[in-house]
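The values are calculated or read from the model by the stated rules, or taken from the named source; none is laboratory data. Please read these numbers as outputs of a predicted model, since none were measured by experiment. Glycine also receives a Cβ, built like all others from the backbone with ideal geometry; neighbour counts cover every protein chain displayed.
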Amino acid sequence: MAREAWFYEEMECLQGVAIARCYGFFQTELSDSVHIGLWDNDEGDEDNEGVTEAAKVGADNPRVLSILLLERLGDRMPFGEPTPAGAREDMTDIYSDMSELGIYHSDIRWQNYLHAPASPPGLPGLPSPYKHRTYAWRVIDFDNSEKNNFQPLQNNLDYSCFIRRVFDNIPIGHIVDPWDL
């Protein structure tokens with residue numbers, strides 16, 4: 001989770017624009033007498049995205065509770081129906097913004113596209129510092145992202161391939177993961 005928090009800090013200029021606003025990353029070490037019910041019963045990662053929090057706790061690792069406090073976002077993009085107007089353009093421009101910062105989001109998939117928060121009660125979206133417009137969508141899940149020194153064009157070419165695959169499959173209800181080539 002600390003890695004994901006680092007990416008939110010690295011993309012601070014895109015918070016409230018293309019990604020959720022990050023209100024902080026907090027950690028505390030837990031004593032052995034404190035039990036987290038979800039950790040106690042965690043038998044595996046249902047999304048197959050890696051090591052679970054429970055598996056990280058061991059003899060050499062302190063029991064640490066980590067909280068990444070993010071802005072509340074809206075619902076996921078509709079699935080199995082036509083994509084909302086402007087959604088593909090928003091995602092293309094959002095990923096272009098990330099490319100300007102040398103960020104490669106390695107988890108480009110439908111599940112990681114959420115509506116921007118309604119305003120009010122949420123804060124209004126900010127215009128992109130690169131495209132000078134607001135987006136109706138936000139991208140989440142940066143724990144597997146990469147910081148690179150590629151030219152933005154290179155990242156954009158990679159992004160466009162994945163965006164096309166994801167958006168071509170959303171209306172037919174077929175989930176495409178970036179690792180399914």
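Okay, here's what the table says:
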item: Output for region 138-158, where each listed residue is farther than 22 Å from Arg72 by Cβ and in contact (Cβ under 8 Å) with a residue 60 or more places away in the chain; result: Asn144, Lys147, Asn155, Asn156
item: Residues satisfying the stated conditions in region 129-148, i.e. modelled with pLDDT of 95 or more and of a type outside the set (D, E, K, R); result: Pro129, Tyr130, His132, Thr134, Tyr135, Ala136, Trp137, Val139, Ile140, Phe142, Ser145, Asn148
item: Some residue of region 154-174 being in the same structural domain as Ile94 (by TED's automatic domain parsing) and part of a strand (DSSP E or B); result: no
item: Condition met for Lys131 (more than 18 Å from the chain's Cα centre (by Cα) and of a type in the set (Lys, Arg)); result: yes
item: Failed item in (1) assigned by TED's automatic domain parsing to the domain that holds Pro84; (2) of a type in the set (Asp, Glu); (3) loosely packed, with under 15 Cβ neighbours inside 10 Å, with Asp180 passing the rest; result: (1)
item: Filter pass, Ala54 being among the hydrophobic types (A, V, I, L, M, F, W, C), surrounded by fewer than 11 Cβ atoms within 10 Å (Cβ to Cβ), at pLDDT below 75 and over 27 Å from Pro120 (Cα atoms); result: no
item: Residue match in region 124-144 (condition: within 24 Å of Glu10 (Cβ to Cβ) and part of a helix (DSSP H, G or I)); result: no
item: Region 16-34, subset outside any loop (DSSP other than H, G, I, E, B) and free of Cβ contacts under 8 Å to residues at least 60 places away in the same chain, residue nearest to Ala136 (Cα to Cα); result: Cys22
item: Residue that is farthest from the chain's Cα centre (by Cα) [pool: residues in region 67-125 that are of a type in the set (Lys, Arg) and either within 22 Å of Asp177 (Cα to Cα) or modelled with pLDDT under 95 (or both)]; result: Arg88
item: Residue satisfying all of: in region 1-45; more than 20 Å from His105 (Cβ to Cβ) and aliphatic (A, V, I, L, M); modelled with the lowest pLDDT among these; result: Leu38
item: In region 129-151, residue surrounded by the most Cβ atoms within 10 Å (Cβ to Cβ) [restricted to those that are within 17 Å of Phe7 (Cα to Cα) and touching an Asp or Glu at 6+ places or on another chain (Cβ under 8 Å)]; result: Phe142
